[in-house]
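Participant: Shown below is the structure under consideration.
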Amino acid sequence: GWKSEQWSALAKRWILDAKCVHVIATPSRVRAKEIQSLKSERLKKEAPADEKEANERENTISAAVKACAKPPRRSEIERIQVPSVKSIKMHKVSTTTNVPGSLWSKADGKIPGLEQKDIHSLPFSNIICNIQSKFVDIASIADVGTIPVPLRKYIPLLCELLCKSSIEVDGKILSHEVMIKGLDADTQSNSCGLGLDFGRFFSGGFCDAVSVMVRVEAKDFSKAVLWMDRLLRSVHFTPSRLRSVCTQLCTDIMEYKDDPSDVMNIVHESQILKRDCPSRLYNFILQHQFLSNLLKDLQDSSSMEARNVIDNMETLYKRLFHPSNIVMHTSLDAERLQGSELIRYWSTALDNRFAKFRRKRLSVLKTKKHYTKSHEHRKRARCAIINMESNESGYLRLTVPLPPGFSSKHEDYAALRILIQLLVASEGPMWRSIRGKGLAYGYSIYVSRTQGLLVFTLSRCNNVYAAYNEAKKIVLGFDLNDKDTHRENKRD
């Protein structure tokens, strides 16, 4: 029952006005050895003194596991009201586009207030979706395949700088502080990265595309168009800003290097992906080396090396976001924003600054298209063992290629998903035999369709070898006719 003033006062006291200290530390090899030595001594002290004590501990653990494994009473289960499938409401999505040969070019994409001739009047490739939402999402998808390989190393830096750099507005250069403040004030969210569902140093699916995304409320659609146009046309690069962002990235990468799961993932990608794959160039170990060299070149802002860096950034920026190299994707609710307004806003923002270009489909590939031939043909298995002194647990990532053409439409896809769920479900076979026995805290099996891989992972293991062997026994000895398995099967 609080009023808005009370919530504002609470946020001001504990968040806005609260003092805090942010400490960035560098891992110490000496301290890591000390911790390892202390751990070895602690394990020796905690070890059972004799066989009798060991048996007592085993009995205690077995009794606890047995107590936790008791199924719930039938009366308790019957109290749970399961919603009817009739309560599911389907959201209709209508899509239209001006891209020839596109999946949606022949779709029945009637959007209120938007004629097909209107969307064809736009000078760039555009896909418009009509969905039920209070927000409008605009995404600019740029094709990385047209960028020369030497320039692709700059893409992570460009993605970091795009929403944090100075911009040119009406012939004046606005500082990055003004730009960041204005962008955050006018949008609900904004981001730029490699692929879809990307991370800071990790690409998402379809790594041949750079995504620039802006979300606003429907009433602010004109602001979204304005900011998207500025981000793609008016960003200004300076040596000082590049130097600052490079320094920050190098500092943040140290945190990623301490995460064994992150390190394991990028080492795995470096083994199976081709050298020119955008996703491989995006990993933070290679980026740390590249950014460190850039910092040396940017020390003197007036030097030839610094000028070359700026030239490369500007060349990449102009080629990547050239109107002929992007597809604009807009999601909106036609009841809140008429299609005619969409055309008017785009036309106003563009202000006839570039002519029509030949519309094309992006040559975006799934990540699996970038695999090395040895991985595709399974000629030999590749493996890597990584020693991390700052980490006390073991991690494992194992992948196998899926059959060619395997997708959600494959006849075995649904069965595979159910089988995986049976194996990894809470209180399922792996839960009881791996987590229940204390071999590992985390385990997973999943299908990565964009990568074309079946992935098995173990995390925070006391003994990786024992946990893997236990998982192997479960998979090879899995019996669907087992009573426990049959009960889990019915529930899932």
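The values are calculated or read from the model by the stated rules, or taken from the named source; none is laboratory data. Because the structure is predicted, anything quoted here is derived from the model rather than measured. When we count neighbours, we look across all protein chains shown, and the Cβ atoms used for this are built from the backbone with ideal geometry, even at glycine. These accessible areas exclude ligands, DNA and RNA; they are computed on the full protein's heavy atoms, side chains included. Shrake-Rupley method; radii C 1.70, N 1.55, O 1.52, S 1.80 Å.
Participant: So M430 fits all but one of (1) within 24 Å of the chain's Cα centre (by Cα); (2) buried (at least 17 other Cβ atoms within 10 Å of the Cβ); what number is the exception?
Facilitator: Only one criterion in (1) within 24 Å of the chain's Cα centre (by Cα); (2) buried (at least 17 other Cβ atoms within 10 Å of the Cβ) is unmet by M430, namely (1).
Participant: Could you tell me whether I386 is closer than 26 Å to S270 by Cβ and exposed (fewer than 15 other Cβ atoms within 10 Å of the Cβ)?
Facilitator: yes
Participant: Could we say that L157 is closer than 20 Å to R230 by Cβ and outside any loop (DSSP other than H, G, I, E, B) here?
Facilitator: Yes, satisfied.
Participant: Of the residues D297, D311, D333, which single one is surrounded by 14 or more Cβ atoms within 10 Å (Cβ to Cβ), without any contact (Cβ under 8 Å) to a residue 60 or more places away in the chain and charged (D, E, K, R)?
Facilitator: Unique residue meeting the criteria: D297.
Participant: If only one of L320, L286 is modelled with pLDDT of 85 or more, open to solvent by 40 Å² or more (accessible area, probe 1.4 Å) and among the aliphatic types (A, V, I, L, M), which one is it?
Facilitator: Just a single option satisfies the conditions, and that option is L286.
Participant: For the range 1-42, give me the residue count where each residue is under 30 Å from K257 (Cα atoms) and either at pLDDT 85 or above or surrounded by 10 or more Cβ atoms within 10 Å (Cβ to Cβ) (or both).
Facilitator: Residues in the range 1-42 being under 30 Å from K257 (Cα atoms) and either at pLDDT 85 or above or surrounded by 10 or more Cβ atoms within 10 Å (Cβ to Cβ) (or both): 15 in total.
Participant: Limited to the range 200-220, what total is found for residues that are open to solvent by less than 10 Å² (accessible area, probe 1.4 Å), modelled with pLDDT of 85 or more and hydrophobic (A, V, I, L, M, F, W, C)?
Facilitator: Residues that pass the stated criteria total 5.
Participant: Among L350, L291, which is modelled with pLDDT of 90 or more and more than 30 Å from P404 (Cα to Cα)?
Facilitator: L291
Participant: Has the range 276-294 got any residue that is of a type in the set (D, E) and in contact (Cβ under 8 Å) with a residue 40 or more places away in the chain?
Facilitator: The answer is yes, given that some residue of the range 276-294 is of a type in the set (D, E) and in contact (Cβ under 8 Å) with a residue 40 or more places away in the chain.
Participant: Scan the range 232-261 for residues that are acidic (D, E) and either without any contact (Cβ under 8 Å) to a residue 24 or more places away in the chain or open to solvent by less than 10 Å² (accessible area, probe 1.4 Å) (or both) and report the count.
Facilitator: Looking only at that region, the number is 2.
Participant: If I filter the range 439-457 for residues that are more than 25 Å from D259 (Cβ to Cβ) and more than 23 Å from the chain's Cα centre (by Cα), do I get at least one hit?
Facilitator: no
Participant: Still on this structure, I have one more. Checking I80 against (1) in a loop (DSSP other than H, G, I, E, B); (2) touching a residue at least 40 places away in the same chain (Cβ under 8 Å): exactly one of these is not met. Which one?
Facilitator: The single condition I80 does not satisfy is (2).
Participant: Any idea how many residues of the range 434-484 are at positive phi, in a loop (DSSP other than H, G, I, E, B) and either buried (at least 16 other Cβ atoms within 10 Å of the Cβ) or among the charged types (D, E, K, R) (or both)?
Facilitator: 1
Participant: Looking at (1) at pLDDT below 80; (2) of a type in the set (V, I, T); (3) assigned to a loop (DSSP other than H, G, I, E, B), which one does I119 not meet, given that it meets all the others?
Facilitator: Failing condition for I119: (3).
Participant: Right, another one. Could you check S279 against (1) at pLDDT below 85; (2) of a type outside the set (D, E); (3) within 28 Å of E314 (Cα to Cα); (4) surrounded by fewer than 20 Cβ atoms within 10 Å (Cβ to Cβ) and say which number it fails?
Facilitator: With (1) at pLDDT below 85; (2) of a type outside the set (D, E); (3) within 28 Å of E314 (Cα to Cα); (4) surrounded by fewer than 20 Cβ atoms within 10 Å (Cβ to Cβ) applied to S279, the lone miss is (4).
Participant: Mind counting the residues in the range 183-193 that are open to solvent by less than 60 Å² (accessible area, probe 1.4 Å) and either in contact with a helix residue (DSSP H, G or I) (Cβ under 8 Å, 6 or more places away or on another chain) or among the hydrophobic types (A, V, I, L, M, F, W, C) (or both)?
Facilitator: Of the residues in the range 183-193, 6 are open to solvent by less than 60 Å² (accessible area, probe 1.4 Å) and either in contact with a helix residue (DSSP H, G or I) (Cβ under 8 Å, 6 or more places away or on another chain) or among the hydrophobic types (A, V, I, L, M, F, W, C) (or both).
Participant: Further question: When the residues of the range 399-413 are filtered to those that are farther than 21 Å from T457 by Cα and without any contact (Cβ under 8 Å) to a residue 12 or more places away in the chain, which remaining residue is most open to solvent (accessible area, probe 1.4 Å)?
Facilitator: The qualifying residue most open to solvent (accessible area, probe 1.4 Å) is K409.
Participant: Return the residue satisfying two criteria in turn: it lies in the range 128-141 and is part of a strand (DSSP E or B) and within 15 Å of A334 (Cβ to Cβ), and of such residues it is nearest to the chain's Cα centre (by Cα).
Facilitator: Ranking the candidates gives D137 first.
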